[in-house]
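FYI, it's all coordinate maths here, none of it is from the lab. Because the structure is a prediction, the values reported are computed rather than measured. All Cβ positions, glycine included, derive from the backbone under ideal geometry; neighbour counts span all protein chains shown.
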Amino acid sequence: MSLASHYSSGKPALSFELFPPKTAAGNAALFRHLDKLLAFHPNFVTCTYGAGGSTRDKTLDIVCQVKQRYQIPVASHLTLVNATRADLRRYLKAARDHQIDYIVALRGDPPSGQPGFQVAPGGLHYANELVELIRGDFPEFGIAVAGYPETHQEADSPQADLENLKRKVDAGADVVITQLFYDNADFFAFRERVEKIGIGVPVIPGLLPALSLKQVRKITQLCGSGLPDGFANRLAEKPDDADWQRQVGVEHATRQVDDLVTQGVAGLHFYVLNKSASTIAILSSLENLSLHT
Ligand SMILES: Cc1cc2nc3c(=O)[nH]c(=O)nc-3n(C[C@H](O)[C@H](O)[C@H](O)COP(=O)(O)OP(=O)(O)OC[C@H]3O[C@@H](n4cnc5c(N)ncnc54)[C@H](O)[C@@H]3O)c2cc1C
């Protein structure tokens, strides 16, 4: 099934993003959680690609395991960090040999300790070049790219960032999946600007249900997303109660999702972080919206 076709059924398509676990216990836990998440019939599952290509084999291994176990489409993330063109082609060939369906084509963040993104010798600079490479040499893959409702941290301006996003779509991306955000107004304003500049592919909100104030502060600082005061203050009300904070995160994300679905998004992408409780709570309370059940 083509990547684009998931987003044309009239119902929001559902995707879950995993990361490669470091240990066998982490691997087992991932599949315990994924078994439960599968009850919501995701359209596809993705797995991130660690900084510096450090998880290359593990990423491929995880998407292969998911596909084999559940017979559903899978997407491997792929980045340009520390990779020559030949490395990228090798990975894409291996992914094709393993019947991986889609690629989330990214530039990637620099490995920790490295001040900024550095082009590997013989490598590529921007994600649009990776999209071009895939479209040219591996046309069978569906391609997703990253979009930034609050503008990518390194972009010269919101407009420049948008033009760069258009470059990725013009190169052949099928769908844009967004960075996480906690204020839907940012997403809706972005979607409007995306449409205005002539990007015609679906823009899918990326959602990370907050687990705690500490976690959400750290992650929003890292990726440059805003943390609305009202939400942060509510999380701060019971600083020592982990369950309560997780519940506040679920309530906030449930309101976000309810609003997004009402406003006609074509899909929902959950950063599930190899866990299931929050996503299950959110999707269960939204079942009356018939999300692919
Ligand atoms: C859905 C999603 C999944 C992700 N998964 C991963 C993952 O698995 N592994 C990982 O390491 N990171 C991941 N990231 C993070 C991502 O790698 C970083 O945000 C990274 O800093 C930018 O990647 P990009 O693909 O958006 O880069 P690009 O689209 O290349 O953009 C990078 C910066 O350069 C600018 N730019 C782009 N093209 C040009 C151009 N031609 N000329 C001048 N400037 C340009 C852009 O405006 C932007 O500021 C993910 C992000 C999202 C939203």
Amide H of LEU14: which non-local residues (sequence gap of 5 or more, or other chain) have their own amide H closer than 5 Å, using H built in the peptide plane? ASN43, PHE44, LEU268
Compute the angle between helix 85-97 and the longest alpha-carbon principal axis of the chain, please, reported from 0 to 90 degrees and rounded to the nearest 10. 70 degrees
Formal net charge of residues neighbouring ARG32 (Cβ-Cβ distance under 15 Å; K, R +1; D, E -1): +2
To the nearest 10 degrees, how steeply does helix 24-37 sit against the main Cα axis of the chain, on a 0 to 90 scale? 70 degrees
What base-10 log of the normalised intensity I(q)/I(0) is obtained for the chain from the Debye formula, alpha carbons as equal point scatterers, at q = 0.08, 0.13 Å⁻¹? -0.32, -0.91
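So what's the net charge close to ALA94: Lys and Arg +1, Asp and Glu -1, counting the other residues with Cβ under 12 Å from its Cβ?
+1
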Setting aside same-chain residues fewer than 8 positions from LYS93, which lysines have a Cα under 27 Å from its Cα? LYS22, LYS58, LYS67, LYS166, LYS168
Would you kindly state how much longer the chain becomes between ALA4 and ALA86 on full extension, computed as 0.36 nm times their sequence separation minus their alpha carbon distance, in nm to one decimal? 26.8 nm
Toward the positive end of the charge dipole of the range 4-289, about the Cα centre and with charges on Cβ (Lys, Arg +1; Asp, Glu -1), which of THR48, ALA25, VAL216 goes farthest? ALA25
Name the GluC sites (Glu not before Pro) in the range 159-253 that are in a loop by DSSP and that have at most 16 other C-beta atoms within 10 Å, would you? GLU237
Sorted by chain and then number, the residues having a modelled amide H within less than 5 Å of the amide H of PHE181, at least 5 places away or on another chain, are LEU208
Return P(r) of the range 125-250 (all Cα-Cα pairs; 10 Å bins starting at 0; whole %; ordered from short to long distances). 13, 37, 28, 17, 6, 0
Against the longest principal axis of the chain, how steep is helix 127-137, in degrees 0 to 90 to the nearest 10, with axes from Cα atoms? 50 degrees
Answer in debye to the nearest 20: the dipole magnitude of the chain about its Cα centre, from +1 Lys/Arg and -1 Asp/Glu charges placed on Cβ, is 720 debye
Taking only C-alpha pairs under 8 Å that are 6+ residues apart, what is the relative contact order of the range 4-289 in percent? 20 percent
Apply the Karplus parameterisation 6.51 cos²θ - 1.76 cosθ + 1.60, with θ equal to phi minus 60°, to every residue of the range 68-79 and state each ³J(HN,Hα) to the nearest whole Hz, in sequence, with x for glycine and proline. 5, 6, 10, 6, 10, x, 9, 10, 9, 6, 8, 10
For the range 1-137, list log₁₀ I(q)/I(0) at each q in 0.09, 0.10, 0.17 Å⁻¹, using the Debye formula over Cα point scatterers of equal strength and ignoring solvent, two decimals each. -0.28, -0.35, -0.95
So which trypsin sites (Lys or Arg not before Pro) in the range 1-39 are both in a DSSP loop and have at most 11 other Cβ atoms within 10 Å of their Cβ? LYS22
How many angstrom lie between the Cα centre of the range 234-265 and the Cα centre of the range 9-73? 23 Å
Sparse-neighbourhood loop hits (trypsin sites (Lys or Arg not before Pro), the range 155-193; DSSP loop; Cβ within 10 Å at most 10 others) -> none
